[in-house]
Structure formats: structure tokens, C-alpha cells
1. In this structure, does Lys25 turn out to be farther than 30 Å from Met1 by Cα and part of a loop (DSSP other than H, G, I, E, B)?
2. Criterion first (in contact with a Leu (Cβ under 8 Å, 6 or more places away or on another chain) and under 11 Å from Asp48 (Cα atoms)) does Asp107 satisfy it?
3. Can you tell me which residue within the stretch 74-125, out of those that are in contact (Cβ under 8 Å) with a residue 60 or more places away in the chain and assigned to a helix (DSSP H, G or I), is surrounded by the most Cβ atoms within 10 Å (Cβ to Cβ)?
4. Considering only residues of the stretch 50-60 that are surrounded by 14 or more Cβ atoms within 10 Å (Cβ to Cβ) and of a type outside the set (S, T, N, Q), which is nearest to Gly112 (Cα to Cα)?
5. Quick one: what pairs do we get from the stretch 3-23, first residue more than 17 Å from His79 (Cα to Cα) and touching a residue at least 60 places away in the same chain (Cβ under 8 Å), second not in a helix (DSSP H, G or I) and not aromatic (Phe, Trp, Tyr), C-beta under 6 Å, 6+ apart or different chains?
6. Hey, any hits in the stretch 11-18 for a residue that's at pLDDT 95 or above, among the hydrophobic types (A, V, I, L, M, F, W, C) and more than 12 Å from the chain's Cα centre (by Cα)?
7. Please identify the pairs in which a residue from the stretch 45-69 that is under 12 Å from Ile30 (Cα atoms) and part of a helix (DSSP H, G or I) has its Cβ atom under 6 Å from the Cβ atom of a residue that is at pLDDT 95 or above and of a type in the set (Ser, Thr, Tyr), counting only partners at least 6 apart or on another chain.
8. Taking Asp107 as the residue in question, decide whether it is touching a strand residue (DSSP E or B) at 6+ places or on another chain (Cβ under 9 Å), among the acidic types (Asp, Glu) and closer than 15 Å to Met32 by Cβ.
Amino acid sequence: MKYGEEILSKFDVEKDLEIWPNEYKRDYLIKMTLPEFASLCPRSGYPDFATIYIEYTPKDYVVELKAIKLYINSFRDRHISHENAANEIYEVLERKLQPKYLKLTADYNPRGNVHTVVEIDSSKL
């Protein structure tokens, strides 16, 4: 197993998703684009690919960028639906960061003539 594969196979979101104190108390928006999301369809095992967009206004914490990259990449060999992956990522960030605002969009590449976009927005919940 190569070092990157080993890191991803052992990634534990509870201990490895590093968060840092937010040093600024003003409101500001952080936007991240993660264009290489991959997971496996829980039914067929075929690969699914997506771009994950995350926007949040931090409160007390921000997520470390390498840690979010590793977390997103850790889905690569998991059998998980589009909806479940988006909701899991959202819930982890919501729980760990407790941001003032959080929006996650999972824009999946078309497969089988279906294009799926899952959006979760704290301002609409």
C-alpha cells in the first residue's frame, strides 16, 4: 500500500479532521471547492464522481485545509449514496465547527443519464 492510500484507509474523522481556532470575530465567508470527490455506488459498485462545494461563516473554529482534503478523499473506496455522502459531510462539519452559516453542495457527474445535485443550506433549514 502506498503512503497516500494508507493515510486515507486509516483516516478517522473524529481524530484526524483538524480544526483551528478562528482568530477573527468578524463575519466572513470561507468557500472551498473540492473537484475530485469519488465514492462507490452502494448498489452497483460503480464509481461516482462529484465536485463538493463548501461555504461557511466560522464562529469559533475553522477547518484545516489538508484535513478536509483527506476527509473528502477518504470516501474514495466507500459504498455510499449521493444523499448520504452529502449529509454525512455536512453533519460532520456542522458538529465539529458549529459555524454561523454552512452550505454544502455535492454536484455529481452524470451517470446513466442522471445528474444529481444535493444541496444542504443552514439558512434554509
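The values are calculated or read from the model by the stated rules, or taken from the named source; none is laboratory data. Every value quoted in this text rests on a predicted model; they were computed, and no experiment measured them. Because the Cβ atoms are built from the backbone with ideal geometry, glycine has one as well, and the counts that use them run over all protein chains shown.
1. Yes, satisfied.
2. no
3. Looking at residues that are in contact (Cβ under 8 Å) with a residue 60 or more places away in the chain and assigned to a helix (DSSP H, G or I), I get Leu97.
4. Checked the stretch 50-60; the qualifying residue nearest to Gly112 (Cα to Cα) is Ala50.
5. Pairs that qualify, where the first residue is more than 17 Å from His79 (Cα to Cα) and touching a residue at least 60 places away in the same chain (Cβ under 8 Å) and the partner is not in a helix (DSSP H, G or I) and not aromatic (Phe, Trp, Tyr), are Ile19/Val63.
6. Yes: the stretch 11-18 contains one or more residues that are at pLDDT 95 or above, among the hydrophobic types (A, V, I, L, M, F, W, C) and more than 12 Å from the chain's Cα centre (by Cα).
7. none
8. Judged against the criteria, Asp107 is a match.
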